[in-house]
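Notes follow the structure.
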Amino acid sequence: MAQITLNGKKHEVAENTLLSDLLSTMELPKFFVVEKNMQIVYRENFEKETLKNGDCIEIATFCGGG
């Protein structure tokens with residue numbers, strides 16, 4: 001198992017889990033941004049990014065206001 005930080009909280013995943021697999025377990029809005037170890041991960045790379053012990057994942061969503 002790998003221990004990652006997901007939005008500031010410790011989380012365990014199987015070693016070498018794909019980022020796309022992690023995201024598929026979450027309820028996310030249509031528009032969101034993913035950062036892995038302080039680097040933006042583009043949507044087309046979600047299936048290429050593997051998660052390793054110590055990775056820090058931040059997911060930001062957008063909201064409108066007026």
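Report, in debye and to the nearest 20, how large the dipole of the chain comes out about its Cα centre when Lys and Arg carry +1 and Asp and Glu carry -1 on their Cβ. Provide the component values of the computation, followed by the final result.
Working: 7 positive and 10 negative charges, 29 e Å.
Charge dipole of the chain: 140 debye, to the nearest 20.
Between the listed residues Ile59, Leu18, Val41, the Cα displaced farthest toward the positive end of the dipole of the chain, a dipole computed from Cβ unit charges relative to the Cα centre, is found at Ile59.
If I compute solvent accessible area with a 1.4 Å probe over the protein chains, what percent of it on the chain is carbon and sulfur? Before the final figure, lay out the partial values.
Details: 2450 of 4760 Å².
So the carbon and sulfur contribution to the accessible surface is 52 percent.
Averaging over every viewing direction, what projected area does the convex hull of the Cα atoms of the chain cover, in nm²? Provide the component values of the computation, followed by the final result.
On the way: hull surface 19.2 nm².
Its Cα hull, projected and averaged over all orientations, spans 4.8 nm².
Taking amide H positions as modeled 1.01 Å from N, with prolines and chain starts lacking one, the residues under 5 Å from Cys56 and 5 or more places away or on another chain are Thr5, Asn37.
Based on protein heavy atoms only, the stretch 3-66 ends up with 72 Å² per residue of surface accessible to a 1.4 Å probe. Across the stretch 27-41, coupling constants 3J(HN,Hα) worked out from phi with the 6.51/-1.76/1.60 Karplus curve, θ = phi - 60°, read 8, 10, x, 4, 10, 7, 10, 10, 10, 10, 6, 6, 10, 5, 10 Hz, and Gly and Pro carry x.
May I ask for the net charge around Ile57, where only other residues with Cβ less than 10 Å from the Cβ of Ile57 are counted and Lys, Arg are +1 while Asp, Glu are -1? Don't skip to the answer; put the middle values down first.
Numbers: positive: Lys36; negative: Glu35, Glu49, Asp55, Glu58.
That works out to -3.
The values are calculated or read from the model by the stated rules, or taken from the named source; none is laboratory data. These numbers were taken from a predicted model, which means no experiment stands behind them. A quick note on method: Cβ atoms are made from the backbone with ideal geometry, for glycine too, and the neighbour counts reach across all protein chains shown. For accessibility, only protein heavy atoms count, side chains too; no ligands or nucleic acids. Shrake-Rupley method; radii C 1.70, N 1.55, O 1.52, S 1.80 Å.
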